[in-house]
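Here is the structure we will look at.
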Amino acid sequence: MWIRSTLVYRTSFALALLVNFLVTALDFVVIWMMFSQATSLGGYSFAQTAFLYGTASVSFGITTFVLGSVDDLGMRVRDGTLDAFLVRPAPVLVQVAADRFGLRRIGRLLQGVLVLGWSLARLDVDWTPAKLLLMPVMLLSGAAIFGAVYVAGAAFQFWAQDAAEAQSAFTFGGVTLLQYPPTVFARDFVIGVTFVVPLAFVNWLPALYVLGRPYPLGLPWWLAFAPPLVAAGSCALAGLAWRAGVRSYRSTGS
């Protein structure tokens, strides 16, 4: 229904898609400006950094395309309009994700795909079957990990009710973090996003294996293939948090 209503006004949709594409592209323009003044960033070339940017952006683009609407959950909890979702014969999370579905979000995904394609054309990578297999696994697992963060953040809003910005710190803030090499961050910070909130498994660990670069923490190489397991565990925990949040919902009392 939301897609059909969007496509009724095709010029408006095209402009919204273009704006979404250009706004997200500004993040890459910032990186390009950095490399106009330097030859490397944390020991990484422009093409290698673009590869990190592209992989993180594609995974996050898939997630926001599917789950971007859950950011508005806090508003529905505050005004009690979530009640209507609870009486319908469909999973609440699916309804929340589909509510006011924004087709324009595909602009972020397309922009990430273009940067990723450009970086792959510039990189000198010794492609092996393992690395070729790891590419789609990395992108899909990264999307699942971001999805788990989205759902966990949405579940927190059942109690906080106005925590959209806190959720964005881990979603939009997380993708911005992963667009840069891990070597530009403090070691303690890298430890936190590896073992506490496992965003490093979105692209840092698998992407550095593809690039043939060592991970700053000196972790074993086989962890590059762990993103599917991390994604499954993250989704399971996020699912438990979501169920607990739905059960705690008490409407507005009015």
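For the reader, a short list of remarks on this structure follows.
- On inspection, Phe158 does not qualify as farther than 24 Å from Gly61 by Cβ and either outside any helix (DSSP H, G or I) or free of Cβ contacts under 8 Å to residues at least 24 places away in the same chain (or both).
- Matching entry among Val151, Val115 (being under 17 Å from the mean Cα position of the chain (by Cα), of a type outside the set (Lys, Arg) and within 30 Å of Ser248 (Cα to Cα)): Val151
- In region 124-154, the residues that are within 13 Å of Val70 (Cα to Cα), in contact with a Ser or Thr (Cβ under 9 Å, 6 or more places away or on another chain) and of a type in the set (Gly, Ala, Ser): Gly147, Ala148, Ala152, Gly153
- Of the residues in region 172-181, at least one is small (Gly, Ala, Ser), without any contact (Cβ under 8 Å) to a residue 40 or more places away in the chain and exposed (fewer than 15 other Cβ atoms within 10 Å of the Cβ).
- Identity of the residue in region 161-170, touching a helix residue (DSSP H, G or I) at 6+ places or on another chain (Cβ under 6 Å) and either assigned to a helix (DSSP H, G or I) or not aliphatic (A, V, I, L, M) (or both), that ends up modelled with the highest pLDDT: Phe170
- Residue match in region 54-65 (condition: touching a Lys or Arg at 6+ places or on another chain (Cβ under 8 Å), outside any loop (DSSP other than H, G, I, E, B) and over 21 Å from Ala238 (Cβ atoms)): yes
- Residue match in region 188-204 (condition: over 21 Å from Gly239 (Cα atoms), crowded, with 23+ Cβ neighbours inside 10 Å, touching a residue at least 60 places away in the same chain (Cβ under 8 Å) and not polar (S, T, N, Q)): yes
- Filter result for Val58 (under 24 Å from Gly142 (Cα atoms) and among the β-branched types (Val, Ile, Thr)): yes
- Failed item, numbered, when Asp79 is tested on (1) over 22 Å from the mean Cα position of the chain (by Cα); (2) closer than 24 Å to Phe158 by Cβ; (3) at pLDDT 90 or above: (3)
- Note on region 1-29: among residues that are β-branched (Val, Ile, Thr) and loosely packed, with under 11 Cβ neighbours inside 10 Å, the one that is farthest from Ala56 (Cα to Cα) is Val8.
- So Ser251, is it under 20 Å from the mean Cα position of the chain (by Cα), touching a residue at least 40 places away in the same chain (Cβ under 8 Å) and either loosely packed, with under 15 Cβ neighbours inside 10 Å or within 30 Å of Asp79 (Cα to Cα) (or both): no
- Leu109, sole failed condition from (1) over 21 Å from Ala231 (Cα atoms); (2) in contact (Cβ under 8 Å) with a residue 40 or more places away in the chain; (3) touching a Phe, Trp or Tyr at 6+ places or on another chain (Cβ under 7 Å): (1)
The values are calculated or read from the model by the stated rules, or taken from the named source; none is laboratory data. In this text, all values refer to a predicted model and were calculated from it rather than measured experimentally. Cβ: placed from backbone, ideal geometry, glycine included. Neighbour counts: every protein chain shown.
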